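Notes follow once the structure below has been shown.
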Amino acid sequence: MKTVNHWIGGRTVEGASGDWGPVTDPATGAADTRVALASVAEVDAAVAAAKDAFATWGTSSLSTRTSILFRYRALLDAHRDEIAALITSEHGKVHSDALGEVARGLEIVELACGITTQLKGELSTQVSHRVDVSSIRQALGVVAGITPFNFPAMVPMWMFPIAIACGNTFVLKPSEKDPSTSLRLAELATEAGLPDGVLNVVNGDKVAVDRLLEHPDVAAVSFVGSTPIARHIYVTATANGKRVQALGGAKNHMLVLPDADLDAAADAAVSAAYGSAGERCMAISAVVAVGSVGDALVSKIVERAQKIKIGPGNDPASEMGPLITAAHRDKVASYVTGAAAQGSKVVLDGTGYTVEGHENGHWIGLSLLDHVPTDSDAYRDEIFGPVLCVLRVDTYEEGVALMNASPFGNGTAIFTRDGGAARRFQLEIEAGMVGVNVPIPVPVGYHSFGGWKDSLFGDHHIYGTDGIHFYTRGKVTTTRWPDPADTPTGVDLGFPTSR
């Protein structure tokens, strides 16, 4: 049996807690890998290694940091197929989707390579007589990242490249469901020349998470996951005096107006709802059809959905793979089997789906629910699987009101040919990321990713300018250098002015 251990201080460290978790191949159901689950002492060792490394890394030159990151970017590019294969073996997504994940992570590494311009300070001269004011941004120290199973390469790369480029050291706690990718990312960072202890990976469960949230030497915590856990992370870490960005769950809506290109809208709905088996926080899980377009749109979605090829992620013919675990598959299926009783029309039922030769895999087919009531479980909950809900409204205003009533505000989209309607939508909709004829509006690396309402806890979005501000803190220095010809001004107890 393969064993996945920790990466602490630039080397593999065997698990010492005696606790192990299974890592399952979703396509076969075989648990032929186990992962070490860290004890409090093992988390402390990772934080200690990061703290020791910060003493020198925090004062290293920007050119040193960026030269390492450039080499790291080249190594990641050279190993992208290998990394994608690791993702497929433990998460289940198809290889092409895994390659796309690696590519989006590389965007942030590239942003980190150019961190020098983002960390420039500011200087104002002669704000008062012979007085200058400058502002700089400095690293926080040891920071931690807690990442989800659905993007085991991309989400960690949304965090640690920016953090270490800013001069911090990092402790990563990846999902215990698919941990091997994070270990490989750390190994390649060391190969690129990253000093020991700058990037550490500690595997574990709630024990490891809670220790990171309370550890006095951890200055900040980044998290991506479900809303209940994001809320717990935020409340607990801030109570312990830490800076927190905690990205939570979603129920992303797509508004389709009567003037929309319905073929394009149907293509987008199928791609965004069922890609990565629906296991992504930016998936479109609710289509809101306005006016008379509903029947035609549903028909076009069905036509496309029925052609999707489901199979093992390492099969080039597969377009959608299995879900991460059997328990998650069963939970997703429960929303479909209970939908009719709660008022939905079940147009496509993907429960009970199997793949020949892989009957023990965590399979589920594509499901489509129409006329979904807003008080049903399928609408209210983040399902995180290949289930698409269709809701019907009479007007644009009714659609926007329905969408804004959702407690989530991660991503959203509108499909229309009307520029005025699109402009109004982007101003009126209550979500952090908006797509106009774009179903999954994930920002490029030099913008920032994050939602509103119950989709984000904290003040900063992730990566981009927000990410750089999150991993640094500002300092302002006011300086007066007297001229040799100056005469003493004497004591002045008045409030300083800029005159």
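List of remarks:
- Selection status of Thr416, surrounded by fewer than 14 Cβ atoms within 10 Å (Cβ to Cβ) and hydroxyl-bearing (Ser, Thr, Tyr): no
- Of the residues making up the range 310-333, those that are open to solvent by 60 Å² or more (accessible area, probe 1.4 Å) and not in a loop (DSSP other than H, G, I, E, B) number 3.
A quick yes/no check of all residues on (1) among the polar types (S, T, N, Q); (2) in contact with a Gly (Cβ under 8 Å, 6 or more places away or on another chain):
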position	(1), (2)
Asp32	no, no
Leu37	no, yes
Arg73	no, no
Ala78	no, no
Glu82	no, no
Leu99	no, no
Thr125	yes, no
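- Residue among Ser63, Ser96, Ser67 that is farther than 29 Å from Asp217 by Cα, among the hydroxyl-bearing types (Ser, Thr, Tyr) and either open to solvent by less than 20 Å² (accessible area, probe 1.4 Å) or not in a loop (DSSP other than H, G, I, E, B) (or both): Ser96
- Some residue of the range 117-138 being open to solvent by less than 10 Å² (accessible area, probe 1.4 Å), farther than 22 Å from Pro216 by Cα and in a helix (DSSP H, G or I): no
Yes/no per residue for (1) open to solvent by less than 30 Å² (accessible area, probe 1.4 Å); (2) under 16 Å from the mean Cα position of the chain (by Cα):
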| site | (1), (2) |
| --- | --- |
| Glu430 | no, no |
| Met433 | yes, yes |
| Asn437 | no, no |
| Gly445 | yes, yes |
| Trp452 | no, yes |
| Thr465 | no, yes |
| Gly474 | no, no |
| Thr478 | no, no |
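- Single condition Glu279 does not satisfy, out of (1) surrounded by fewer than 20 Cβ atoms within 10 Å (Cβ to Cβ); (2) of a type in the set (Asp, Glu); (3) more than 22 Å from Val393 (Cβ to Cβ): (1)
- Subset of the range 1-23 [assigned to a strand (DSSP E or B), among the aliphatic types (A, V, I, L, M) and free of Cβ contacts under 8 Å to residues at least 40 places away in the same chain]: Val13
- Residues of the range 195-228 that are surrounded by fewer than 24 Cβ atoms within 10 Å (Cβ to Cβ) and farther than 30 Å from Gly409 by Cβ: Pro195, Asp196, Val207, Arg211, His215, Pro216, Asp217.
- Qualifying positions in the range 357-378 - of a type in the set (Ser, Thr, Tyr) and open to solvent by 20 Å² or more (accessible area, probe 1.4 Å): Thr374
- Of all residues in the range 16-27 being of a type outside the set (A, V, I, L, M, F, W, C) and over 24 Å from Asn150 (Cα atoms), the one that is surrounded by the fewest Cβ atoms within 10 Å (Cβ to Cβ): Gly18
The values are calculated or read from the model by the stated rules, or taken from the named source; none is laboratory data. Predicted model only: the values in this text are computed from it and were never measured. In this analysis, Cβ positions are derived from the backbone assuming ideal geometry, glycine residues included, and neighbour counts consider all displayed protein chains. Just so you know, the surface numbers come from the protein's heavy atoms only, side chains and all, with ligands and any DNA or RNA stripped out. Shrake-Rupley method; radii C 1.70, N 1.55, O 1.52, S 1.80 Å.
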